[in-house]
1. Could you tell me the calculated FRET efficiency between B:ARG292 and B:GLN535, based on Cβ-Cβ distance and R0 = 56 angstrom, to the nearest 0.05?
2. Net charge near B:ILE619, counting Lys/Arg +1 and Asp/Glu -1 over other residues with Cβ under 12 Å of its Cβ?
3. Just to be sure I understand the model, the point goes 7 Å from the Cα along the line to the Cβ. What's the resulting B:ASP567 to B:GLU88 distance in nm?
4. Quote the Stokes-Einstein diffusion coefficient, in whole µm² s⁻¹, for the range B:104-260, based on the Kirkwood radius over alpha carbon pairs, a temperature of 10 °C and a viscosity of 1.306 mPa s.
5. Taking just the C-alpha trace of the range A:68-211, give me its Rg and Dmax in Å.
6. When the C-alpha atoms of chain B are aligned to their principal axes, what extent does each axis show, in angstrom, from largest down?
7. Can you tell me the order of B:225-234, A:182-191 when each peptide is scored by its average per-residue count of other Cβ atoms within 10 angstrom, highest first?
8. Hey, got the average number of other protein chain Cβ atoms within 10 angstrom for residues in A:183-192?
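Derivation of every value follows stated rules applied to the coordinates shown; laboratory data play no part. Keep in mind that what you see is a predicted model, and the values were worked out from it rather than measured. Heads up, the Cβs are rebuilt from the backbone with ideal geometry, glycines too, and the neighbour counts pull from every protein chain shown.
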Amino acid sequence: MQSLIQLEISRRDLLISSAATVAVSGVAAEAAAQSPGNAMTYTTKISFTINGEIRDLDVDNRVTLLDVLREHLHLTGTKKGCDHGQCGACTVLVAGRRINSCLTLAVMHEGEQITTIEGLGEPGNLHPMQAAFVKHDGFQCGYCTPGQICSSVAVLEEIKADIPSHVTGDLTTQVQLTPGEIRERMSGNICRCGAYSNIVDAITEVAGTKT
Amino acid sequence: MQFDTPAATNPIDQLKVVGRPIHRIDGQLKTTGRAMYAYEWHDPNTPYAYGYPVGAAIAKGRIKSIDVSAAKKAPGVLAVVTTLDVGELKKGQFNTAKLFGGDRVQHYHQAIAVVVAQTFEQARAAAALVRVDYVVEKGAFDLEKAKDSAIEPAAKPGEAPPDTAVGDFDAAFASAPVTLDETYTTPDQSHCMMEPHASIAAWNGDKLTVWTSSQMIDWWRSDLATTLGIDKEKLHLMSPFIGGGFGGKLFLRADAVLAAFGAKAAGRPVKVALPRPLMANNTTHRPATIQRIRIGAGRDGRIAAIAHESWSGDLPGGGLETAVNQTRLLYAGAHRMTAMRLATLDLAEGNAMRAPGEAPGLMALEIAIDEIAEKLDMDPVQFRILNDTQVDPENPKRPFSHRNLIGCLEVGAERFGWSQRGRPGARRDGNWLIGLGVAAAFRNNLLIPSGARVRLDREGIVTVETDMTDIGTGSYTIIAQTAAEMLGLPIEKVAVHLGDSHFPVSAGSGGQFGGNCSTAGVYAACVKLREAIAQKLGFNSDDVVFENGEVRSGNRSVRLAEAAGSDGLVGEDTIQWGDLSETHQQSTFGAHFVEVGVDVATGESRIRRMLAVCAAGRILNPITARSQVIGAMTMGVGGALSEELAVDTRSGFFVNHDLAGYEVPVHADIPHQEVIFMDETDPMSSPMKAKGVGELGLCGVSAAIANAIYNATGIRVRHYPITLDKLIGGLPDVA
Ligand code: FES
Ligand code: FES
């Protein structure tokens, strides 16, 4: 039987050892035995694919996916609005699904496929969603915009995949692409400039439906 | 260029580029993530370090000591600079509270240290090891309690006086057959721009380069130089993209100061961003107000007497939230008075947030107007039309330069289907009680000098340089449109460089003056360039025409590229303003119409439709202007329904200091929004004949929503935000 002491690992130890303890039981005892000054691994080697390019990095275990993108890879299109999962400015696509990259550690993404705003399109060669945002003026200051666009792209996929939302009425029929569905699903992406009305127009146009 | 007579016909009136719905020229950069904001500047050869700020954990008092020993020993730490290390610093002209330096704590989360480390994670971890010993002092944090000790502040030069009075208000109010006397409150609000305040500072000897996020380059440059005690000329500031400001980036903030001190101590460039949870208490906010409004009207519906008093609080040395300003100008009435009182509060600095004064002022006044109209049994649209004035009511010799509030109300009522509005509580759609509301929008047009430099090169490309900023307003685009129009070029031939202190000083972005003033400055510079071109070609500058990339005089014409020659030509000028804003009252006008549904069981309010009609002079670009207005309407929804910095009156800080606790509107809160611009020009405002809309769009929105909620439910809420707890007790029984 494990003694109580071994289970009382501090938050700090957990952070330090998080990468090493993934899916390995019993390692907690070992982590608890470590004390500052001992040889500990603060960094982890990871490899993932970003915008189609394989990137190998040795990162501090505490680094969020957001800060790896912004500070290590200088992909600063992904924005930091709050660093606390409250605004959506940091939205990226991981294996096609949208996540708040500030709420996930880089070391949790070994081997994964990550798409950022830079991977969707570039000046002169815009993704249809980027072009629709320009056309409908779906932004002002532009700071929430990469997150809005990444989120929008994923929202259309979620609706296509028939994943219901809070406002979906009938769960037995295919989810409809309505302004209400779009607004609900986009509500994790705050735009303080208040471009919402135009953003919904842009998404609706890309989806090929009319408001 | 001195602008002291109303604008006559000029090249802008051609409207080949200006006034057209041109998409933002920076749109591709912003939508692809290539626009670089302050924290994102990166030189691969520079070893940047990261600064993490530490904020005071008390609201008022003194710091006895700061123990940084553990922080300094933490992995990766390069330097720790505390407020005690740097000592008292000179305060910038535009700051009320000091940003850093000295042992005094004036408000919660005031910056008291910066920890610099090789990585962000190291800096953040080490910042948590800083130990501070405080001497706590008692502070005042409750406006309601401090109200009675509020004083009449001295009038600041160039600003409106705290008190005004015309006629005999007391007598006229006492004898008026229909009267209203109510008190309204608006809470503290937070700008919550999406990009946190951020700066990178890099020293090179005694020269300092700062990439930052600033609405006003020159104000920041002066105040940062003052704070650091360096020569302004040694300071280079850049802010080409700004992730929103709303007034929160008008004045120098702590990130720039901490980055500068951190960089000096660490001996390398340092990046500092304010963590989101620090922003509400570390920076500025829109102060809460208590407003008393009295209106006396005749049975004919005419206002006989109107009084508006407002109380707000700020730190010692701070200023008023000028919530009575619009009441001095918006409606007729022979007997009137306004007064503002200032209480001392030890919360964070109160200061400008989008439409300071008018935004909270109209939140109260436009409910009061709805109430008095109801007492008179008049339609509130008709009441406003009846009480319109074409002159400054406090000084009837002073006309408005152009005022079409009536047009906004009439067009809006027609388009919105205002005639469907019934008696309070009369309309229902299933579980929803439906109501319509209206409010007038009003915001003054301010004129600030603005400079620009315009170059023509041998490729025929025109490049505009000005320290003007684009905070999402569309400055890049309207400035390009202005230069293109003036020189007869398509917009693709114009490049615009903004937000750099090496460029001529502009109006900057604030007070909705940026669009009109900065383009007027570009106009002035283009006039200089046109003269230089004409002179070089020996053309008579009176009859030259710039069209299709050519300059023509009589039957001679020369391509602009050719006229430029290999060295190119430059025009530079600053627009200066005469007394047209004194002889004439210059303001912008609008009407907001809103339809709400209030859930009969829960009291939840949802906005169903919104329309704004704006009369704001020439609209330079209907796309970007419309975006300004819908964004402002969205902020008005927040102000009406959810936004409130909750004050902990015991410890003295805003409790809900992040985006989870302070609720700004999200997608689900906002319906499709309609905006109509009245077709007009105002030749008194500038050669552009434009005014601003960015703040007008917010003014009155929250009151229109409050009035719609009243129309839906019959419940009058005078204390913002109108959350469901304020409605639920008055809702009809749900059978
Ligand atoms: S930065 Fe990730 S949600 Fe705000
Ligand atoms: S565009 Fe500024 S926050 Fe959305």
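1. Efficiency, from the Cβ-Cβ distance: 0.35.
2. That works out to +2.
3. Distance between label points: 5.3 nm.
4. Approximately 78 µm²/s, per Stokes-Einstein.
5. In order Rg, Dmax, the Cα atoms of the range A:68-211 give 14.8, 46 Å.
6. Result, largest extent first: 80, 74, 50 Å.
7. In descending order of packing, they fall as A:182-191, B:225-234.
8. Rounded to a whole number, the mean comes out at 6.
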